[in-house]
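Asks: Below you'll find the structure I mean.
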Amino acid sequence: MARDETFGKVMEIIGRYAKNKDAIDGATEDTNILEDLKVNSARLVDVILDFEDEFDIEVDDEDADAVNTVGDAVTLIEAKLA
Amino acid sequence: MALAALAGGKARGMTGAALHPDQILDLLPQKEPFRFVDEIVEVSKRGIVAHYTFPPDLDFYRGHFPGNPVTPGVILLECIAQVGVVALGIYLVALEGGLDAVDSRLSLFADADVDFSGVVRPGDRVTVTATKKFFRRGKLRSEAEMHLDDGTLVCSATISGIAVPR
């Protein structure tokens, strides 16, 4: 899967939980999921579970802990799919 | 509660303790006058069933509503949360990490999607049946229903809580 395609799917999933809707359109790989997009930390579990369903991967807790930015998520998913 | 104390002593410090329903009630942090669970009928890693009877003398009935007491929906949701998230969560946490893990965490309300379809009057007994959807990274989501003794569905909810350090 092309990286920009993964980015689009990741943003679609994160967008479901982002409280800062204005920041979604301008998001880049450097955008911080919690701080910039205002995703509630308890919702990160939902985001990870949605990644697992969407991409048919398994994300363990250590992998999930390393995700801070949208780019971190894209990189993690790309690595799992490789 | 001697039985719970005995079993609690046995379970403390061990990992993977399957708690007895009476132990879970003892550990439930919500106490009088904000305890909306009387009895846990069954509990497993898949789900939980519990009863609560709403005492007619609960203070909020005076205002909700004068002359026409109805149990507030937020209280029904709290009842479901205490059973389907907090009590089940205590069981699941103890199953993984024993009573020490339970002692070090507090379960907070995270999110809910809820439908109300009936009315609970003072004195009514309700049964809450909750099934685990997932328990990951300290977050528990359950699908739950509340029924009256005559079988009427009064509330259905998808509800989540997250365990945080105390």
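The values are calculated or read from the model by the stated rules, or taken from the named source; none is laboratory data. On a predicted model such as this, the values are computed, not experimentally measured, just so you know. Every residue, glycine among them, receives a Cβ derived from its backbone with ideal geometry; neighbour counts consider all protein chains shown.
Asks: Condition check: touching a residue at least 60 places away in the same chain (Cβ under 8 Å), closer than 28 Å to B:THR158 by Cβ and part of a helix (DSSP H, G or I). Does A:ALA73 satisfy that?
Replies: yes
Asks: If you don't mind, there's one more thing I want to ask. If a residue must be surrounded by fewer than 15 Cβ atoms within 10 Å (Cβ to Cβ) and within 14 Å of chain A (Cβ to nearest Cβ), how many such residues does the stretch B:134-152 contain?
Replies: The number of residues fulfilling the criteria is 1.
Asks: Condition (residue is of a type outside the set (A, V, I, L, M), modelled with pLDDT under 95 and farther than 29 Å from B:PHE135 by Cβ) applied to the stretch A:14-24: is it met by at least one residue?
Replies: Looking through the stretch A:14-24, at least one residue is of a type outside the set (A, V, I, L, M), modelled with pLDDT under 95 and farther than 29 Å from B:PHE135 by Cβ.
Asks: Hey, among the residues in the stretch B:118-130 that are loosely packed, with under 15 Cβ neighbours inside 10 Å and farther than 13 Å from B:LEU153 by Cα, which one's farthest from the other protein chains (Cβ to nearest Cβ)?
Replies: If we take residues in the stretch B:118-130 being loosely packed, with under 15 Cβ neighbours inside 10 Å and farther than 13 Å from B:LEU153 by Cα, then B:GLY123 is farthest from the other protein chains (Cβ to nearest Cβ).
Asks: Restricting to the stretch B:82-96, and then to whatever is more than 14 Å from chain A (Cβ to nearest Cβ) and small (Gly, Ala, Ser), can you tell me which residue is surrounded by the most Cβ atoms within 10 Å (Cβ to Cβ)?
Replies: B:GLY84
Asks: Could you please find all residues in the stretch B:122-165 being modelled with pLDDT under 95 and either in contact with a Phe, Trp or Tyr (Cβ under 7 Å, 6 or more places away or on another chain) or not aliphatic (A, V, I, L, M) (or both)?
Replies: Across the stretch B:122-165, the qualifying residues are B:ARG136, B:ARG137, B:GLY138, B:PRO165.
Asks: Filter the stretch A:29-82 down to the residues that are farther than 23 Å from A:ALA2 by Cα and of a type in the set (Val, Ile, Thr), then identify the one that is nearest to the other protein chains (Cβ to nearest Cβ).
Replies: A:VAL45
Asks: Among the residues of the stretch A:16-44, count how many are without any contact (Cβ under 8 Å) to a residue 12 or more places away in the chain and assigned to a helix (DSSP H, G or I).
Replies: Counting residues in the stretch A:16-44 that are without any contact (Cβ under 8 Å) to a residue 12 or more places away in the chain and assigned to a helix (DSSP H, G or I) gives 4.
Asks: Can you spot a residue in the stretch B:153-162 that is free of Cβ contacts under 8 Å to residues at least 40 places away in the same chain, within 14 Å of chain A (Cβ to nearest Cβ) and in contact with a helix residue (DSSP H, G or I) (Cβ under 9 Å, 6 or more places away or on another chain)?
Replies: Taking every residue of the stretch B:153-162 in turn, none turns out to be free of Cβ contacts under 8 Å to residues at least 40 places away in the same chain, within 14 Å of chain A (Cβ to nearest Cβ) and in contact with a helix residue (DSSP H, G or I) (Cβ under 9 Å, 6 or more places away or on another chain).
Asks: Could you list all residues from the stretch A:43-82 that are in contact with an Asp or Glu (Cβ under 7 Å, 6 or more places away or on another chain) and within 22 Å of B:ARG141 (Cα to Cα)?
Replies: Passing the criteria: A:GLU52, A:GLU58, A:VAL59.
Asks: Continuing with this model, one more query. Among the charged types (D, E, K, R), more than 14 Å from chain A (Cβ to nearest Cβ) and part of a strand (DSSP E or B), is that true of B:ASP115?
Replies: So B:ASP115 passes the test.
Asks: Let me ask you something else. Hey, among the residues in the stretch A:45-65 that are charged (D, E, K, R) and in contact (Cβ under 8 Å) with a residue 24 or more places away in the chain, which one's surrounded by the most Cβ atoms within 10 Å (Cβ to Cβ)?
Replies: Only one residue fits best here, namely A:ASP46.
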